[in-house]
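Undergrad: The structure is given below, and queries will be raised subsequently.
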Amino acid sequence: MNTKKQITYLNAIIKNIENNYSFEPSITLFGGISGQALFLNTYNNLFDNEKKDLENKLFEVIINKINNIEFISYSGGLFGIIQMLKNTNNNLVRDLDLSELDELIKQNIKIWAGNYLTQNNYDYLHGFLGLLYVYSDLYSDKLTVSKLVNDFLSLSIENDIHLYWNDIHFTNRKNREVATVNVNFGLAHGLISYAVILAKCNKKFNLGIEDKIIKIINYYWDNKNEKECSSFFPNALSISKSYEKESRLSWCYGDVGIAAGFLNLSFLLKNNEIKKMAIQILLKTVSRKNLIKTKIADTSLCHGVSGLIHIYKKFYVVLGINKFNESYLYWMEVLNNYYESDVKFQYCHHKKGYTNNLSLLEGVSGTGLAILSTLTDKNLGWDECLLIS
């Protein structure tokens, strides 16, 4: 691997952020300045604070705006921001008094979480599970976490073998007009994220719910595609309409993200059988390299090349299986091809086409984090927000 190329990519990303961060109105983790700050903080940890001034400018923006944050969700609100602040080692954050926000969260967590459950909004990016994830990560409140987990489990559909939740989409949420009912399989919005977050809660608080998590894994395994399908799992199982069996290749949807979730679960539950499943799932993906069929259109973490690079590299480092290294190197070449083209590291919007995007999930900050992880075999920790660690 030519390290000079990665340094070139990183310098271009940093220059882009430096020139454009002041135009970003949002301070959220996945779509705003908090994601950029996480990238710069990770970069400076590797490169001896080379860009510390820029990092501090980003954190200053976050600190000045956080008390006026309007939303609470993990992806687009308070919970993602405060987790990032508490889990980074920035000097400005160390001196920051977050006690009022801590108290606000502790006083309201049951109300906020309950509202999401009432709306059938279980999503970790935008709903209940994001709140549960952050609250269980930051606070040692077993009583509340146990209640939230039990409330969530009470809404599941369970039998002797399987456990799952219906993902209900409304044409009109206020009037509860149902548009579709399905079981989402992707890591960004689906059952595998449910399992990982429940497993994290179980590991920290010893909740005794391993059997529930195994039933979620069983549900996946018993609903995998036929062997002739190129993808191991569909995007979703739909009750109210037909569904597409062939899923994309990405972190958010499809086998790569699901495999990453399985591998994480195997460590959280200390279960080698789940690790074998993760390997089997990801091995099926290594021959899928057609950009059109895999629906790869940019370099983003969410559904682009960077997510693939990071997950294949992680599997190779952890498991030592050479096919994963070959896939990692292949997608690094694809990343280089994008950079050498007119597109570079722009985000491909389904309506607007290619646009400059600084964010973690869809923009250059996420691409930068993935590139940083190519420079070392150490776990840099940033990917916990993606449920990969």
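Undergrad: Determine the relative contact order of the stretch 19-103: mean sequence separation of Cα pairs under 8 Å and six or more apart, normalised by residue count, in whole percent.
TA: Values: 84 pairs, mean separation 26.1, N = 85.
For the stretch 19-103, the relative contact order is 31 percent.
Undergrad: Also: How many nm is it between the label spots at Phe47 and Glu246, if each spot is 7 Å from the Cα in line with the beta carbon?
TA: 4.0 nm
Undergrad: Apply 1/(1 + (r/R0)^6) to the Cβ-Cβ distance of Leu319 and Lys65, taking R0 = 51 Å, and write down the FRET efficiency to the nearest 0.05.
TA: Values: r = 41 Å, r/R0 = 0.81.
The formula returns an efficiency of 0.80 here.
Undergrad: Once you order the gyration tensor axes a ≥ b ≥ c over the Cα atoms, which shape class does the stretch 35-80 get: rounded for a/c under 1.5, otherwise prolate or oblate by comparing a/b with b/c? Could the numbers behind the result be given before it?
TA: On the way: a/c = 4.64, a/b = 1.98, b/c = 2.34.
Oblate is the answer for the stretch 35-80, as a/c is 1.5 or above yet b/c matches or exceeds a/b.
Undergrad: Calculate, in nm to one decimal, what Val343 and Lys378 gain on full extension: separation in residues at 0.36 nm each, minus their alpha carbon distance. If you can, show how the numbers build up before the last one.
TA: Working: separation 35, 0.36 × 35 = 12.60 nm, distance 3.05 nm.
Gain on stretching Val343 to Lys378: 9.6 nm.
Undergrad: Kirkwood hydrodynamic radius of the stretch 267-389 from all distinct Cα pairs, in Å? Walk me through the numbers on the way to the answer.
TA: Values: mean 1/r = 0.0664 Å⁻¹.
Mean inverse Cα-Cα distance, inverted, gives 15.0 Å.
Undergrad: Ok, one more. Which of the lysines could be linked to Lys110 by a straight reach, that is with a Cα gap under 24 Å, when you skip same-chain ones fewer than 8 residues away?
TA: Answer for Lys110, where 24 Å is the Cα cut-off: Lys86, Lys142, Lys147, Lys174, Lys200, Lys203, Lys204, Lys212, listed by chain and number.
Undergrad: Name the residues whose placed amide hydrogens come within less than 5 Å of the amide hydrogen of Gly32, ignoring near sequence neighbours (fewer than 5 apart) on the same chain.
TA: Hits under the 5 Å cutoff: Leu360.
Undergrad: Once you have the Cα-Cα distance between Trp221 and Lys351, take 0.36 nm times their residue separation minus that, and quote the gain in nm to one decimal. If you can, show how the numbers build up before the last one.
TA: Working: separation 130, 0.36 × 130 = 46.80 nm, distance 3.54 nm.
The Trp221-Lys351 span can extend by a further 43.3 nm.
Undergrad: Ok, one more. Working out 0.36 nm times the residue gap between Cys229 and Leu98, then minus their Cα-Cα distance, what length gain in nm do you get to one decimal? List each step's numbers first, then the result.
TA: Details: separation 131, 0.36 × 131 = 47.16 nm, distance 5.00 nm.
Residue separation times 0.36 nm, minus the Cα-Cα distance, leaves 42.2 nm.
Undergrad: Next question. So, with +1 on the Cβ of K and R and -1 on the Cβ of D and E, and no other charges, what is the size of the charge dipole of the chain about its Cα centre, to the nearest 20 debye?
TA: On the way: 41 positive and 39 negative charges, 140 e Å.
So the magnitude is around 680 debye.
Undergrad: Next question. Any idea what the relative contact order of the stretch 222-364 is, in percent, if you count C-alpha pairs under 8 Å spaced at least 6 apart? Could you put the intermediate results ahead of the total?
TA: Values: 215 pairs, mean separation 24.6, N = 143.
With pairs under 8 Å counted, the relative contact order is 17 percent.
Undergrad: Starting from the Cα of Lys351, draw a straight line to each of the aspartates and glutamates and keep only those under 13 Å, dropping any in the same chain fewer than 8 residues away.
TA: Answer for Lys351, where 13 Å is the Cα cut-off: none of the aspartates and glutamates qualify.
Undergrad: Continuing with this model, one more query. Compute the distance in nm between two label points, each set 7 Å from the Cα along the Cα-to-Cβ direction, one at Thr144 and one at Ala12.
TA: Going by the 7 Å Cα→Cβ label model, 4.5 nm.
Undergrad: Right, here's the next one. Rg and Dmax of the chain, using alpha carbons, in Å: what are they?
TA: Expressed in Å, the Cα Rg and Dmax of the chain come to 20.2, 57.
Undergrad: Let me ask something else. Hey, what did the stretch 341-389 get for relative contact order, percent, Cα under 8 Å, at least 6 apart?
TA: Numbers: 35 pairs, mean separation 9.8, N = 49.
Value for the stretch 341-389: 20 percent.
Undergrad: Under 13 Å from the Cβ of Ile109, count the other residues' Cβ atoms, weight Lys and Arg +1, Asp and Glu -1, and hand me the total.
TA: My count for the surroundings of Ile109 gives -2.
Undergrad: GNM, the chain, Cα, under 10 Å: largest mean-square fluctuation among His350, His162, His189?
TA: His350
Undergrad: Here's another thing I want to ask about it. Give me the aspartates and glutamates in straight-line cross-link reach of Lys15: C-alpha distance below 19 Å, same-chain residues under 8 apart excluded.
TA: Candidates past the 8-residue exclusion: Glu24, Asp48, Glu50, Asp53, Glu55, Glu60, Glu340, Asp342, Glu362.
Undergrad: Mind listing the long-range amide H neighbours of Leu163? Cut-off is under 5 Å, sequence gap 5 or more, other chains count too, H placed in the peptide plane at 1.01 Å from N.
TA: Ile216, Tyr219
Each value in this text was obtained by applying a stated rule to the coordinates, not by laboratory testing. Remember, predicted model here, so these are calculated numbers, not experimental data. So basically every Cβ, Gly included, is an ideal-geometry build from the backbone, and we count neighbours across all protein chains shown.
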